[in-house]
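This report concerns only the one structure given below.
The values are calculated or read from the model by the stated rules, or taken from the named source; none is laboratory data. The structure presented is a predicted model; accordingly, all values stated were derived computationally and were not measured. Every residue, glycine as well, gets a Cβ built from its backbone with ideal geometry; the counts of neighbours run over all protein chains shown. For the accessible areas, the whole protein counts, side chains as well, though only heavy atoms, and no ligand, DNA or RNA atoms are used. Shrake-Rupley method; radii C 1.70, N 1.55, O 1.52, S 1.80 Å.
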Amino acid sequence: MSVLIDGNNLLFALSGAGCDLERQGLARLLSRVLARQERVHVVFDGPPPSGPLADPVVAEGVRVTFSGKGPADGIIIKLIAADSAPRQLTVVSTDHEIRRAAHRRRCKIALSEEFARLLLHAQRAGEKPKPGEEEKKPDGLSPEQVQKWLDEFGLG
């Protein structure tokens with residue numbers, strides 16, 4: 001299974017869920033939560049970081065592409081069209097044009113907001129509770145519910 005992500009779109013969705021990350025933070029989060037099971041490719045708008053103090057965006061198991069001067073949408077649509085197993089591909093975006101291209105190729109489609117919630121929940125589920133948190137009522141989905149949604153999107 002592969003996951004193709006509209007990076008800026010997912011960053012915006014994560015910020016709406018209360019998680020402000022930059023590009024490197026997103027790549028690390030995806031590496032921790034998904035990259036062991038899936039091939040992950042994130043496409044960001046704009047040029048890659050440059051300059052003497054700029055760090056490249058890298059994370060184990062996560063391929064990162066920058067669109068350069070054009071929008072990421074065109075690159076994502078080309079990647080969808082070129083995929084040799086589109087039914088094994090999950091596309092994460094809320095962009096209508098990208099979702100239409102994914103639908104035409106019969107890819108699985110995950111809205112960025114839904115995917116952000118699942119990603120954050122999966123991250124929290126993997127963390128050990130801090131002292132005193134054991135008694136708190138968990139909010140959000142149970143691990144079984146998260147697994148069901150991951151399976152639904154073909155990511156489990």
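Listing for the model above:
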quantity	calculated
Overall Cα dimensions of segment 1-60, principal axis frame, Å, largest first	35, 25, 18
Cα-based Lys proximity count in the chain, under 21 Å, for pairs eight or more positions apart or on separate chains	6
Rounded to whole Hz, the Karplus (6.51, -1.76, 1.60) HN-Hα couplings of segment 102-117, x for glycine and proline	5, 4, 4, 8, 6, 7, 6, 10, 10, 5, 4, 5, 5, 5, 4, 4
Bridge type composition, the chain - antiparallel percent by DSSP, nearest 5	5
Karplus-derived HN-Hα couplings along segment 9-21 (A = 6.51, B = -1.76, C = 1.60, θ = phi - 60°), whole Hz, x at Gly and Pro	4, 5, 4, 5, 5, 5, 5, x, 8, x, 10, 8, 10
Residue-averaged [θ]222 nm for the chain, counting only DSSP H segments that reach four residues, each worth -39500 (n - 2.57)	-13000 deg cm²/dmol
The chain, accessible area per residue, ligands and nucleic acids excluded (1.4 Å, Å²)	60
Kirkwood-based Rg to Rh ratio, the chain, C-alpha trace	0.98
Percent carbon-and-sulfur accessible area, segment 1-58, ignoring ligands, DNA and RNA, probe 1.4 Å	55
About the Cα centre, charge dipole magnitude for the chain (Lys/Arg +1, Asp/Glu -1 at Cβ), debye	500
20 Å cut-off, amide nitrogen to a point 7 angstrom out along GLU97 Cα→Cβ, residues in segment 19-59	42-48
Rel. contact order, % - alpha carbon contacts under 8 angstrom, at least six apart, the chain	26
Computed FRET value (nearest 0.05) for GLN24 with ARG106, which takes r as the C-beta separation and R₀ as 41 Å	0.80
